[in-house]
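Q: To start, I am sharing the structure in question, which I have written as structure tokens.
The values are calculated or read from the model by the stated rules, or taken from the named source; none is laboratory data. Quick caveat, the model's predicted, so the values are computed rather than measured. So basically every Cβ, Gly included, is an ideal-geometry build from the backbone, and we count neighbours across all protein chains shown. For the accessible areas, the whole protein counts, side chains as well, though only heavy atoms, and no ligand, DNA or RNA atoms are used. Shrake-Rupley method; radii C 1.70, N 1.55, O 1.52, S 1.80 Å.
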Amino acid sequence: MFKKFYANYILAYPIHVLSILLVGIVLLGFGAAKLEVDASAETLLLEDDADLKFMREISSRYPSGLDMLIVSFAPKNDLLSYESLQAIEKISNELKKLERVDSVTSILETPLLENGSGIITELVNDIVTLKTPNANLEKARKEFLTSPIYSQNLVSKDLKTTAIVVMLKPDDAYMYLLQKRNDAKAKTEMKNFTKADKEEFSLASKEFKIYRDELRVKERKLIDDIREILADNKDLGTLFLGGVNMIAVDMITFIKSDIMYFGISLFLLFVFALWLIFRQLRWIVLPLLICVLSIIATTGILGFFGWEVTVISSNFIALQLILTISIVLHLTVRYRELAAKYAQAKQKRLILLTVLSKLNPSFFAVFTTIIGFLSLMLSKIKPVISFGWMMASGISLSLIIAFIAFPAILALLPKKALYTKFEKEFAFSSFCAKIVHKKGNLVIAACIFLIVFAFFGIQKIKVENSFIGYFKSNTQIYQGMKNIDQNLGGTTPLDVIVNFKNDEDIQSESFDDFEAEFAENKNDPKYWFSPQKTKTAMRLSDYFESLEYVGKVQSLGTMLKIGKTLNNGKELDGFELALIYTQLPPQYKDIVLNPFLNIEHNELRFTMRLIDSDPNLKRDELLKKMQKDLREIVTSDIGSYKLSGAMVLYNNMLQSLFKSQISTLGAVVLVFLIIFWPLFGSLKAAVIGIIANLVPMGAVFGFMGYVGIPLDMMTITIAAISIGIGVDDVIHYMHRFKEELSKDGDYIQAMYRSHNSIGYAMYYTTVATVLGFSVLVFSNFIPTIYFGILTVAVMLMVFFGAILLLPRLLIMLKPFKI
């Protein structure tokens, strides 16, 4: 069927075929303009994470760091000098003029509680700030250095750096559209959802996306405007910007830069490599033309389907180029081999033989690669799922385009004498064949060593994520986060919400008048600040502050400690706390009380930031320790507790991704075994193929465990991707080995002939793959760099597994009947 198709259509009417192909790709190209980038925090979260829903609920009750930017400022003069305070006011005033800025808070506006009269009951009417005439600067200095509210939060320990907090105007329209989309999505996840529900979700998604894209333009302008202000004031001191919004904006810039840089760099590297190997224009232009056509078609489909490029999928163009060039190189090497062997054969005859001989192994090689990528869909993270779909679609298009464009274009070109000097002078495949034949025991010994090495190394692998560690030290994201992390109490936010137990069995008639009044007014501040709540607040505050790697901790306990100091060493009672709560001016209450308690919901909130730059921080272990310890502090008679915040969400994402990838890896291997069995015609051969692929790949993961390279959101996908790409060499080699073995039944000679034919294609595709993934080391995103380096290592090891271990096992075990 395929022979007739190629002979009667592709090779008979190459111009017509290419015209139709080009028209189709041009039409798809219009969709490429719709391709968008999404670097929001939501792209790295689990779709159905209960902790995400809880965090959104909590964010509606308390101030959220998502609407806040922090400017860290280290003035040239003393922080409390007149010049420094003037500089802070100047910068603050300029920031306040920006359209999206709601308020700006600095040390100038914060209440100096120790500057007042010293009488706690008069505190609410005696608020002093640095703007108050005759404020005592020495008392202020002492308070900034010792106050649990300000030290390592608004100012650094050494009083050389301060934070200027920029609160952005809440975007109610964004939150409304987000909730509308999420509600519509929830309906589509029900068993009995209707067509109307699906249409409602589609409409809500489009509406949200349009508004989100408009908001991103505004956020980009805001960040640029703030950076311009900081640049204009750099002579006043050292200034850094930090915050979630800034990270999202910069990440979009990084992703777009990576896509462009990876594509261009890879294209130029392939030009050089193809020229070095083939030294003929057609073998440079033809593979690269097919790569370009595949990229245009793939990006067009992504644009039409609305799949957005995220941090996870930012290297999709590099991957697409690598996978496409591998397909074309196998066709190229096979054609050149046949042209050298049958020098008198006509061009179309050679092309037909090439395509028909490579169609079967190429299809199964691509099919197994698709399975590897589709295994990513079993994760619950939308960008990872989309990445799997993107690459599965892309490699499918590459196969189709390559097997149409390659023969059609080549049919229009005359036969030409081949340049084979590279193959003759660089006989690496022949060298490997001699090792397999003469040093076979050494190959097996190396295999056993790698198995043991991998077994113990893999057990040492950790799953970790460091936000600061994700970026190069010369980027503004890294510099801003590092400065805030080390000087202002940490970066990664973590909340603990304690919900106190309500006595639902209170019956007014069973109490005396006082108790009845208390039951009816239990949410009144006069009665809410009970000894149980204040004791719990103090105990938890002390516990969190005692934890290693925890930076700044703030809560009601913070206010209680300050109150004790102001109250001459006596703890504040419920009456005094209620007085402060009800009488403190709103602008100050929003700083010292409102972020940490909610009387209506009968709960306390403990906020802390982790020292993310500490290399010894083990996030999952810390969260588990907290969960265990909190069970002993917040007992059932007190109430309940729950951890929340970005750290919890990202840790959930990583742990879920790790578990899903490890659990699906076994399933992927089993699927490959099922495919290999009929494909190779022998169960023993199928097992050999799996071993030849898994051993070298396991060695790389073992190395990661020994040297302490953690699995993060990028490197954790290497297993699925590598096993999918890695089996390509096994399939191509096994297919050729069987063909050569059928000629004389001699395993040794079949091995030599296979190395001297398909071995070159394997070598060339590995060089292309290594060159391709090595480009990723120039990314600004550290996980992408690790992904590139580790994938290069895996591909090299898998190549040696296919060129050395696979043939040695075939010779030893002789799985094929002769």
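Q: If I filter region 453-467 for residues that are without any contact (Cβ under 8 Å) to a residue 12 or more places away in the chain and part of a loop (DSSP other than H, G, I, E, B), do I get at least one hit?
A: Within region 453-467, none of the residues are without any contact (Cβ under 8 Å) to a residue 12 or more places away in the chain and part of a loop (DSSP other than H, G, I, E, B).
Q: Within region 576-611, which residues are among the polar types (S, T, N, Q) and surrounded by fewer than 19 Cβ atoms within 10 Å (Cβ to Cβ)?
A: Scanning region 576-611 gives 582, 583, 587, 594, 598, 602.
Q: If only one of 731, 725 is open to solvent by 10 Å² or more (accessible area, probe 1.4 Å) and assigned to a helix (DSSP H, G or I), which one is it?
A: 725
Q: Taking helices (runs of 4 or more DSSP H) that do not extend beyond region 338-428, which have at least 3 residues that are modelled with pLDDT of 90 or more? So that I can check it myself, show each step before the final result.
A: Details: elements: 347-374, 382-411, 421-425.
Because the criterion is at least 3 residues that are modelled with pLDDT of 90 or more, the helices (runs of 4 or more DSSP H) in region 338-428 that meet it are 347-374, 382-411.
Q: Please determine, by comparing only the residues of region 252-270 that are among the β-branched types (Val, Ile, Thr) and open to solvent by 50 Å² or more (accessible area, probe 1.4 Å), which one is nearest to the chain's Cα centre (by Cα).
A: 253
Q: Just name the residue that is nearest to residue 97 (Cα to Cα) out of those in region 162-198 that are part of a helix (DSSP H, G or I) and of a type in the set (Phe, Trp, Tyr).
A: 174
Q: Next question, about the same structure. Give region 110-134 a look and list any residue that's of a type in the set (D, E, K, R) and modelled with pLDDT of 85 or more, or say none.
A: 131
Q: Any residue in region 567-595 that's without any contact (Cβ under 8 Å) to a residue 60 or more places away in the chain: show its pairings with residues that are basic (Lys, Arg) at Cβ separation under 8 Å, as long as the two are six or more apart or on different chains.
A: As it stands, the answer is 570/564; 571/564; 574/526; 575/526; 578/526; 581/589, since those pairs meet every condition given.
Q: Please find, among 788, 745, the residue that is surrounded by fewer than 22 Cβ atoms within 10 Å (Cβ to Cβ) and at pLDDT 85 or above.
A: Among 788, 745, only 745 is surrounded by fewer than 22 Cβ atoms within 10 Å (Cβ to Cβ) and at pLDDT 85 or above.
Q: Of all residues in region 468-486, how many are farther than 30 Å from residue 661 by Cβ, open to solvent by 20 Å² or more (accessible area, probe 1.4 Å) and in contact (Cβ under 8 Å) with a residue 60 or more places away in the chain?
A: Qualifying residue count, region 468-486: 5.
Q: Of the residues 372, 394, only one is buried (at least 24 other Cβ atoms within 10 Å of the Cβ) and within 19 Å of the chain's Cα centre (by Cα); which?
A: Going through 372, 394 in turn, just one is buried (at least 24 other Cβ atoms within 10 Å of the Cβ) and within 19 Å of the chain's Cα centre (by Cα): 372.
Q: So, one more: Within the set of pairs 6+ apart or on separate chains, which have a first residue in region 83-112 that is part of a helix (DSSP H, G or I), a second that is open to solvent by 30 Å² or more (accessible area, probe 1.4 Å), and C-beta atoms under 7 Å apart?
A: Listed pairs, sorted by first residue: 83/77; 84/77; 84/78; 87/236.
Q: Residues in region 199-221: is at least one closer than 24 Å to residue 109 by Cα and either small (Gly, Ala, Ser) or open to solvent by less than 30 Å² (accessible area, probe 1.4 Å) (or both)?
A: Within region 199-221, not a single residue is closer than 24 Å to residue 109 by Cα and either small (Gly, Ala, Ser) or open to solvent by less than 30 Å² (accessible area, probe 1.4 Å) (or both).
Q: Is one or more of the residues making up region 201-210 outside any loop (DSSP other than H, G, I, E, B), in contact with a Ser or Thr (Cβ under 8 Å, 6 or more places away or on another chain) and free of Cβ contacts under 8 Å to residues at least 24 places away in the same chain?
A: yes
Q: Additional query: What's the number of the only condition in (1) under 24 Å from residue 489 (Cα atoms); (2) at pLDDT 90 or above; (3) open to solvent by 10 Å² or more (accessible area, probe 1.4 Å) that residue 95 fails to meet?
A: (3)
Q: Among the residues of region 549-566 satisfying the criterion of being in a helix (DSSP H, G or I), in contact with an Asp or Glu (Cβ under 8 Å, 6 or more places away or on another chain) and farther than 18 Å from residue 500 by Cβ, which is modelled with the lowest pLDDT? Spell out how you get there, then give the answer.
A: Taking region 549-566 as the starting set, the residues that turn out to be in a helix (DSSP H, G or I) are 556-566.
Remaining after also requiring in contact with an Asp or Glu (Cβ under 8 Å, 6 or more places away or on another chain): 557, 560, 563-566.
Narrowing the set further to residues that are farther than 18 Å from residue 500 by Cβ leaves 563-566.
Details: 563: 78, 564: 79, 565: 75, 566: 72.
Within region 549-566, the match that is modelled with the lowest pLDDT is 566.
Q: Same structure again: Scanning region 612-640 for residues that are open to solvent by 40 Å² or more (accessible area, probe 1.4 Å) and within 23 Å of the chain's Cα centre (by Cα), which turns out modelled with the lowest pLDDT?
A: Only one residue fits best here, namely 615.
Q: Just one of (1) more than 22 Å from residue 637 (Cα to Cα); (2) at pLDDT below 85 trips up residue 546, so point out which.
A: Among (1) more than 22 Å from residue 637 (Cα to Cα); (2) at pLDDT below 85, residue 546 violates only (2).
Q: Quick check on my filter: what residues within region 429-445 are touching a helix residue (DSSP H, G or I) at 6+ places or on another chain (Cβ under 8 Å) and surrounded by 14 or more Cβ atoms within 10 Å (Cβ to Cβ)? If you could, list the steps in order and put the result at the bottom.
A: Within region 429-445, the first condition is being touching a helix residue (DSSP H, G or I) at 6+ places or on another chain (Cβ under 8 Å), and the residues that meet it are 429-430, 432-433, 435-437, 440, 442-444.
429, 430, 432, 433, 435, 436, 437, 440, 443, 444 - these are the residues of region 429-445 that are touching a helix residue (DSSP H, G or I) at 6+ places or on another chain (Cβ under 8 Å) and surrounded by 14 or more Cβ atoms within 10 Å (Cβ to Cβ).
Q: A further question on this structure: Scanning region 153-162 for residues that are modelled with pLDDT under 90 and crowded, with 18+ Cβ neighbours inside 10 Å, which turns out farthest from residue 542 (Cα to Cα)?
A: 154
Q: Out of region 346-365, which residues are open to solvent by less than 20 Å² (accessible area, probe 1.4 Å), under 40 Å from the mean Cα position of the chain (by Cα) and touching a residue at least 40 places away in the same chain (Cβ under 8 Å)?
A: If the condition is that a residue be open to solvent by less than 20 Å² (accessible area, probe 1.4 Å), under 40 Å from the mean Cα position of the chain (by Cα) and touching a residue at least 40 places away in the same chain (Cβ under 8 Å), then 355, 361, 362, 365 are the ones that fit.
Q: Residue by residue through region 275-295, note down the ones that are buried (at least 20 other Cβ atoms within 10 Å of the Cβ) and at pLDDT 90 or above.
A: Filtering region 275-295 for residues buried (at least 20 other Cβ atoms within 10 Å of the Cβ) gives 277-278, 283, 286-287, 290-291, 293-295.
Listed by number, the residues that qualify are 283, 286, 287, 290, 291, 293, 294, 295.
Q: Counting only residues that are touching a helix residue (DSSP H, G or I) at 6+ places or on another chain (Cβ under 7 Å) and crowded, with 18+ Cβ neighbours inside 10 Å, which one in region 163-193 is farthest from residue 558 (Cα to Cα)?
A: Out of the qualifying residues, it is 184.
Q: Give me a count of the residues in region 698-722 that are outside any helix (DSSP H, G or I) and either without any contact (Cβ under 8 Å) to a residue 40 or more places away in the chain or open to solvent by 20 Å² or more (accessible area, probe 1.4 Å) (or both).
A: Qualifying residue count for the region: 3.
Q: Among the residues of region 328-345, is any out of contact with any Ser or Thr (no Cβ under 8 Å at 6 or more places or on another chain), surrounded by fewer than 24 Cβ atoms within 10 Å (Cβ to Cβ), within 26 Å of residue 393 (Cα to Cα) and of a type in the set (Phe, Trp, Tyr)?
A: Checked against the condition, which is being out of contact with any Ser or Thr (no Cβ under 8 Å at 6 or more places or on another chain), surrounded by fewer than 24 Cβ atoms within 10 Å (Cβ to Cβ), within 26 Å of residue 393 (Cα to Cα) and of a type in the set (Phe, Trp, Tyr), region 328-345 yields no hits at all.
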